[in-house]
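Every number in this text was worked out from the coordinates using simple rules, so none of it is lab data. In this text, all values refer to a predicted model and were calculated from it rather than measured experimentally. Glycine also receives a Cβ, built like all others from the backbone with ideal geometry; neighbour counts cover every protein chain displayed.
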Amino acid sequence: MPPKCKFTREQVVEAALAVTRAQGAEAVTARSVAAGLGASPKVIFSLFRNMEELQAEVLRAADSLYRRRISEGMSSGEYPPYKGSGMAYVRFAREEKQLFRLLFMRDRSSETIGEDRESVRPQLELIEKNLGLDEDAAYLFHLEMWLYVHGIAAMLATSYLDWDMALVSRMLTDGFLGLRLRYEAMKNESKEA
């Protein structure tokens with residue numbers, strides 16, 4: 001009978017997440033993860049069927065960390081909750097460049113991606129409540145705002161820009177106010193028609 005593995009799946013995922021954070025998702029190999037654990041690559045294959053299974057778990061762990069950061073940003077009180085979600089997104093891109101790339105800048109051509117309103121439900125509810133928009137309009141507003149926020153985040157994640165968070169805050173406010181004016185004008189136009 002082979003000896004029992006002294007590592008857990010969670011420890012292996014954490015080691016793989018550490019490799020991803022330091023060197024990117026491409027650097028996650030059985031050898032690099034095992035080296036982080038001070039073990040043999042056999043450890044990985046005693047706990048996971050293959051590297052794809054481990055990589056899927058790393059993706060889930062990165063997404064969990066990201067969602068926690070967004071939630072914290074919305075509830076911290078540093079910014080209004082909706083702006084807090086955008087600031088947290090940008091901060092995540094700035095502080096966790098490799099995880100941001102894994103989650104939001106990987107090739108998704110082989111994935112089926114559908115509309116997912118549930119993952120942004122808290123943001124939609126804030127937009128609906130604060131701007132008086134129905135769910136469909138709130139979703140479109142959020143998508144347009146997210147594209148703006150994502151652009152800033154992507155430039156920070158790739159080190160194209162090195163803006164401080166005060167400038168990012170100002171830019172998110174400006175973008176939000178401009179978009180809000182546009183949606184208010186559209187509501188007024190539909191009332192007059």
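Quote the relative contact order of segment 30-157 in percent (integer), defining contacts as alpha-carbon pairs under 8 Å separated by 6+ residues.
Numbers: 94 pairs, mean separation 28.0, N = 128.
About 22 percent, as a whole number.
Among Leu167, Leu99, Ala30, which residue has its Cα positioned farthest towards the positive end of the charge dipole of the chain, with +1 placed on the Cβ of Lys and Arg, -1 on the Cβ of Asp and Glu, and the dipole taken about the Cα centre?
The one lying farthest along the dipole's positive direction is Ala30.
Extension gain Thr8-Trp163, at 0.36 nm per residue separation less the Cα-Cα distance, in nm? If you can, show how the numbers build up before the last one.
On the way: separation 155, 0.36 × 155 = 55.80 nm, distance 3.96 nm.
Separation in residues times 0.36 nm, less the Cα-Cα distance, equals 51.8 nm.
Just to check I understand the Karplus step: with θ = phi - 60° and J = 6.51 cos²θ - 1.76 cosθ + 1.60, what whole-Hz values come out for segment 107-120, glycine and proline as x?
Values per residue, Gly and Pro as x: 5, 10, 4, 8, 9, 9, 10, x, 5, 9, 6, 5, 5, 10 Hz.
What is the distance in Å between the Cα centroid of segment 71-108 and that of segment 159-173?
Computed from Cα coordinates, the inter-centre distance equals 13 Å.
Using per-residue counts of other Cβ atoms within 10 Å, averaged over each peptide, order 36-46, 146-156 from highest down.
146-156, 36-46
Once label points are set 7 Å from the Cα along Cα→Cβ at both Met186 and Ser119, what is their separation, rounded to one decimal in nm?
The modelled label-to-label distance comes out at 2.3 nm.
Explain nothing, just compute: Karplus ³J(HN,Hα) = 6.51 cos²θ - 1.76 cosθ + 1.60, θ = phi - 60°, for every residue of segment 19-26 in order, whole Hz, x for Gly and Pro.
4, 4, 4, 7, 10, x, 4, 5
So what is the calculated 222 nm ellipticity per residue for the chain, using -39500 (n - 2.57) for each DSSP H run with n of 4 or more, over all residues, to the nearest 500 deg cm²/dmol?
Counting only the DSSP helices, I get -23500 deg cm²/dmol.
Which order do the peptides 14-23, 65-74 take when ranked by the mean count of other beta-carbon atoms within 10 Å per residue, highest first? Show your work: numbers first, answer last.
Details: 14-23: 19.3, 65-74: 16.7.
So the peptides 14-23, 65-74, ranked by packing, come out 14-23, 65-74.
Per-residue HN-Hα couplings for segment 162-171, Karplus 6.51 cos²θ - 1.76 cosθ + 1.60 at θ = phi - 60°, whole Hz, x for Gly and Pro?
Each residue of segment 162-171 in turn: 9, 7, 7, 5, 5, 5, 4, 4, 4, 5 Hz.
Thr29 versus Ser75, label points 7 Å from Cα toward the beta carbon: distance in nm?
Here the modelled spin labels are 4.1 nm apart.
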